[in-house]
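Asks: Handing you a structure now.
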Amino acid sequence: MPLEALAEILDPAPTPQPVTPTITSSSSRRRSAIGPRLGFVRAATFWEQVMGALGEQELAGELGEVAAMMLQELRYEEAKARAEQARNELHSNSGQ
């Protein structure tokens, strides 16, 4: 083993700390928060159908209920965000 390689193993050079980018846009933050939950709803719907086809009606029902609750929550958050945006637009227009 070369001496330089052995020296690097025994006393490695300090590695620079990665710089994490800051995200300022609220829409990208919203997208990243919604994406995994929407993926869960799709997967739960798929597995609900699979479990129903296999005869596991109780498990299929539970998956369907959880997926429906998650979808309802996503729709509520979307409607709330739209309402806040409309309210902010009205406030900014009334101030002019």
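Asks: Considering only segment 53-96, how many residues are of a type in the set (Val, Ile, Thr) and over 21 Å from the mean Cα position of the chain (by Cα)?
Replies: Selection size over segment 53-96: 0.
Asks: On to the next question. Give just the number: which of (1) in contact with a helix residue (DSSP H, G or I) (Cβ under 7 Å, 6 or more places away or on another chain); (2) at pLDDT below 90 does GLU48 not satisfy?
Replies: All conditions are met except number (2).
Asks: Taking the options LEU74, LEU10, name whichever one is at pLDDT below 90, of a type in the set (A, V, I, L, M, F, W, C) and loosely packed, with under 10 Cβ neighbours inside 10 Å.
Replies: LEU10
Asks: Sort through MET69, MET1 and tell me the only one that's among the aliphatic types (A, V, I, L, M) and modelled with pLDDT under 90.
Replies: It is MET1.
The values are calculated or read from the model by the stated rules, or taken from the named source; none is laboratory data. Just so we're clear, the structure is a prediction, and the values are computed from it rather than from any experiment. Please note: Cβ atoms are built from the backbone with ideal geometry, for glycine as well, and neighbour counts cover all protein chains shown.
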